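Here's the structure we're looking at; comments come further down.
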Amino acid sequence: MATQTAYSPQAPSRAELDVLPGATVVEFGTDWCGYCQGAQASIAQAFGPHAEIRHLKIEDGPGRPLGRSFKVKLWPTLIFMREGVEVARIVRPTSAAQIAEGFTSLTSR
């Protein structure tokens, strides 16, 4: 899936994420967050060779249960999941190479 431009205010439940088959990257942040805006070029570059991987951009904030279930404290936070299990986490990425490490965790067994 291609990277979406906006964070979705509609979030799946944690139970729904935990049963997703295959690889998924959940990106938590907000559209107004400067760190999130600054990371978008690196995120898009890192996703280039991995366009087939599900990418969910979820708006986060106080009282949002999905972000709290992952203990997200800083934005953007990318959670790399395989078969519903977290295998890597990148917080406030500064380069595509840093994000690529998360993709390596998805593909290594």
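The values are calculated or read from the model by the stated rules, or taken from the named source; none is laboratory data. No experiment lies behind these values; they were computed from the predicted model shown. Please note: Cβ atoms are built from the backbone with ideal geometry, for glycine as well, and neighbour counts cover all protein chains shown.
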Condition test on P62, is it over 19 Å from L20 (Cβ atoms), modelled with pLDDT under 95, of a type outside the set (A, V, I, L, M, F, W, C) and not in a strand (DSSP E or B)?
yes
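Could you list, in sequence order, all residues of region 87-109 that are farther than 14 Å from G29 by Cβ and surrounded by 15 or more Cβ atoms within 10 Å (Cβ to Cβ)?
Selection gives V87, A88, A96, Q98, A100, G102, F103, S105, L106.
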Subset of region 65-80, residues out of contact with any helix residue (DSSP H, G or I) (no Cβ under 7 Å at 6 or more places or on another chain) and surrounded by 16 or more Cβ atoms within 10 Å (Cβ to Cβ), comes to G67, F70, V72, T77, I79
For region 36-57, check the following and say yes or no: at least one residue is of a type in the set (S, T, N, Q), in contact with a helix residue (DSSP H, G or I) (Cβ under 8 Å, 6 or more places away or on another chain) and exposed (fewer than 14 other Cβ atoms within 10 Å of the Cβ).
no
Does at least one position in region 45-52 carry a residue that is closer than 21 Å to E101 by Cα, at pLDDT 95 or above and either touching a Ser or Thr at 6+ places or on another chain (Cβ under 6 Å) or aromatic (F, W, Y) (or both)?
yes
Which one of these does D18 not meet: (1) modelled with pLDDT under 95; (2) more than 13 Å from the chain's Cα centre (by Cα)?
(1)
Please enumerate the residues belonging to region 27-43 that are in contact with a Gly (Cβ under 7 Å, 6 or more places away or on another chain) and part of a loop (DSSP other than H, G, I, E, B).
T30
Taking E52 and the conditions (1) within 21 Å of L106 (Cβ to Cβ); (2) part of a loop (DSSP other than H, G, I, E, B); (3) without any contact (Cβ under 8 Å) to a residue 24 or more places away in the chain; (4) not aromatic (F, W, Y), which numbered condition does it fall short on, given that it satisfies the others?
(3)
